[in-house]
Each structure stands twice: as C-alpha cells, then as structure tokens.
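The values are calculated or read from the model by the stated rules, or taken from the named source; none is laboratory data. In this text the structure is predicted, and so the values were computed from the model without any measurement. Don't worry about glycine lacking a Cβ; one is built from the backbone with ideal geometry, like all the others, and counts go over all protein chains shown.
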Amino acid sequence: MAKRRLVLTFPPEVVERPVVATLVKEFDVLTNILRAQVQEGEVGRMLVELEAEPSAIRAAMRYLEELGVIVEDAIKDIDMNDELCIDCGACTAVCLPRALKIEPPEWKIELDKERCILCGFCVDACPLKIISVRF
C-alpha cells in the first residue's frame with residue numbers, strides 16, 4: 001500500500017459530483033479528506049491523502065484529471081524561507097500535525113511537508129511572515 005497527499009482543484013461543474021465516493025467504490029482508494037473548501041457553483045479545493053496500491057492511485061488520478069480536476073502534490077503548497085528564519089519556534093506551537101518542529105541539539109525549525117495539512121496557523125504565528133500556504 002502507498003500513500004499520496006494531493007491538492008485537488010475542482011471546476012464548478014464537478015463540485016456537486018460524488019467524486020470521493022467514486023474513488024473509494026470504483027478504484028478501491030481510501031480517501032482521507034484533510035481539508036476542504038468547497039461551495040456549490042464555485043471552484044473547490046481539497047487536500048486529500050489517498051491510500052491504495054500505486055497502480056490504483058495512478059488510475060484514480062487519471063480519472064480525476066479526465067473530469068477536469070487539477071491534481072497537484074500537496075508539498076508544493078507550503079513554503080518557508082529558511083534563510084530568513086530565526087528559529088524562534090512560534091510556528092511549532094500552533095502546528096497540531098507536528099509538520100513544523102524544533103528539537104535539540106540543532107534547535108532549527110524543520111518542516112515535514114508530508115505531515116502538513118495546509119491549515120495556515122503557522123502563517124499567522126510567524127512573527128517574520130516568512131511562511132506561505134496556498135490553499
């Protein structure tokens with residue numbers, strides 16, 4: 001079994017379709033919705049984690065793309081300017097999935113993009129405003 005974290009951008013005409021149910025039923029892909037911003041008649045975005053055999057995930061991604069859904073790896077949607085970071089740790093205090101952490105002996109902020117759910121709390125917590133999230 002493999003896992004893949006993706007950001008899905010749905011065109012307005014696809015938002016009302018049972019896309020996630022189809023991924024589970026037709027492609028045998030477990031779909032964990034980590035974050036969603038979906039409204040009827042508007043472009044929708046969803047952060048999902050897909051779990052299945054690699055071939056099933058690829059088939060599910062092809063299906064989504066055929067529907068007109070833009071499929072992107074989630075790791076592209078968070079950015080942190082390491083050069084400007086002062087490693088104060090403010091961002092780690094609000095990061096519930098522990099994607100941002102600071103540990104001895106280096107005491108440097110580390111970003112694990114695989115754990116990030118793109119909530120944006122770190123963006124607000126950073127005193128230097130050097131973290132950006134696109135969702």
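Laid out as a table, the results:
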{"read-out": "Whichever residue in region 104-135 is of a type in the set (Val, Ile, Thr) and within 14 Å of the chain's Cα centre (by Cα) and, among such residues, is nearest to residue 84 (Cα to Cα)", "value": "133"}
{"read-out": "Top-ranked residue in region 76-90 [being surrounded by 15 or more Cβ atoms within 10 Å (Cβ to Cβ) and of a type in the set (A, V, I, L, M); ranked as modelled with the lowest pLDDT]", "value": "78"}
{"read-out": "Those residues of region 1-45 which are without any contact (Cβ under 8 Å) to a residue 12 or more places away in the chain and within 14 Å of the chain's Cα centre (by Cα), in sequence order", "value": "36"}
{"read-out": "Where a residue in region 108-135 is free of Cβ contacts under 8 Å to residues at least 12 places away in the same chain and its partner, wherever it lies, is basic (Lys, Arg), with Cβ under 6 Å and at least six apart", "value": "110/101"}
{"read-out": "Selection status of residue 98, surrounded by fewer than 12 Cβ atoms within 10 Å (Cβ to Cβ), out of contact with any helix residue (DSSP H, G or I) (no Cβ under 7 Å at 6 or more places or on another chain) and at pLDDT below 95", "value": "yes"}
